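Remarks on the structure that follows.
The values are calculated or read from the model by the stated rules, or taken from the named source; none is laboratory data. All figures in this text were calculated on a predicted structure; none of them were measured in a lab. Reconstructed Cβ throughout: ideal geometry from the backbone, glycine too, with neighbour counts over all protein chains shown.
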Amino acid sequence: MPAFRPAYLICGDDHGRVGERRTKLRAMAEAESGTAGVELLEGDACTADRVAAALSAMTFALGRRFVIADGVERWKDADAETVAAAMQGMDGDGLTVAFFAREEGRHKVPDALRKAVERAGGQVAEEATVRPRELPRWVVARAAELDLQLDTQAAAR
């Protein structure tokens, strides 16, 4: 079984990749704890008050419990502060919270939420689309990850 961090924030303008990461995390969470161990808050149910209540709720569930909050790109700074306060009392042993944000235009994740995830010992992952003019550099970087050498002129072709 994988080791889970206490908190995750997956955000960015690559909405497909953010959705893939959410699907994968939910499947892993259900494999770890069963469907009863996963609380999904999305759409209108993804409010800061509901997430904070889920984080501080006492349950009889055995094993790790997961709270998945999908739609935090609509939150304001005050919402993030509410959840950050609830995260301070989290014990990382039995609870994992994952925030998902599909950013675009003025809909961005509040900085207070990023900082709260980092303070909790969590991970922030940016999923950004590659702009056409940045594509050759992106291809060179992916080639380097595979121990291949490729120059930007060859990548541009």
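Residues that are touching a residue at least 12 places away in the same chain (Cβ under 8 Å) and either among the aromatic types (Phe, Trp, Tyr) or not in a loop (DSSP other than H, G, I, E, B) (or both): does the stretch 127-134 have at least one? Lay out the reasoning, then the answer.
Filtering the stretch 127-134 down to residues touching a residue at least 12 places away in the same chain (Cβ under 8 Å) leaves 127-129.
After this cut, where a residue has to be either among the aromatic types (Phe, Trp, Tyr) or not in a loop (DSSP other than H, G, I, E, B) (or both) as well, the list is none.
Taking every residue of the stretch 127-134 in turn, none turns out to be touching a residue at least 12 places away in the same chain (Cβ under 8 Å) and either among the aromatic types (Phe, Trp, Tyr) or not in a loop (DSSP other than H, G, I, E, B) (or both).
Kindly check whether there is at least one residue in the stretch 110-119 that is modelled with pLDDT under 90 and either part of a helix (DSSP H, G or I) or among the hydroxyl-bearing types (Ser, Thr, Tyr) (or both).
Of the stretch 110-119, the ones modelled with pLDDT under 90 are none.
Looking through the stretch 110-119, none of the residues is modelled with pLDDT under 90 and either part of a helix (DSSP H, G or I) or among the hydroxyl-bearing types (Ser, Thr, Tyr) (or both).
Take the conditions more than 18 Å from the chain's Cα centre (by Cα) and among the aliphatic types (A, V, I, L, M) and apply them to residue 40. Does it pass? Can you show your working first?
Working: more than 18 Å from the chain's Cα centre (by Cα): no; among the aliphatic types (A, V, I, L, M): yes.
Criteria not met by residue 40.
Restricting the search to the stretch 40-61, which residues are in contact (Cβ under 8 Å) with a residue 24 or more places away in the chain and part of a loop (DSSP other than H, G, I, E, B)?
Selection gives 46, 47, 61.
So which residues in the stretch 114-147 are closer than 22 Å to residue 19 by Cβ and among the basic types (Lys, Arg), if there are any at all?
114, 131, 142
For the stretch 4-39, enumerate the residues that are outside any helix (DSSP H, G or I) and either closer than 25 Å to residue 128 by Cβ or outside the structural domain of residue 119 (by TED's automatic domain parsing) (or both).
4, 5, 6, 7, 8, 9, 10, 11, 12, 13, 14
Name the residue that is farthest from residue 12 (Cα to Cα), counting only residues in the stretch 62-80 that are touching a Lys or Arg at 6+ places or on another chain (Cβ under 7 Å) and without any contact (Cβ under 8 Å) to a residue 60 or more places away in the chain. Give the derivation first.
Within the stretch 62-80, the subset touching a Lys or Arg at 6+ places or on another chain (Cβ under 7 Å) is 68, 70, 73.
Right, trim to without any contact (Cβ under 8 Å) to a residue 60 or more places away in the chain and you get 68, 70.
Working: 68: 17, 70: 13 Å.
Checking each candidate, the answer is 68.
Among the numbered conditions (1) out of contact with any Cys (no Cβ under 7 Å at 6 or more places or on another chain); (2) surrounded by fewer than 19 Cβ atoms within 10 Å (Cβ to Cβ), tell me where residue 71 comes up short.
Only one criterion in (1) out of contact with any Cys (no Cβ under 7 Å at 6 or more places or on another chain); (2) surrounded by fewer than 19 Cβ atoms within 10 Å (Cβ to Cβ) is unmet by residue 71, namely (1).
Could you look through the stretch 81-117, keep only residues that are more than 26 Å from residue 27 (Cα to Cα) and in contact with a Lys or Arg (Cβ under 9 Å, 6 or more places away or on another chain), and pick out the one that is surrounded by the most Cβ atoms within 10 Å (Cβ to Cβ)?
Looking at residues that are more than 26 Å from residue 27 (Cα to Cα) and in contact with a Lys or Arg (Cβ under 9 Å, 6 or more places away or on another chain), I get 110.
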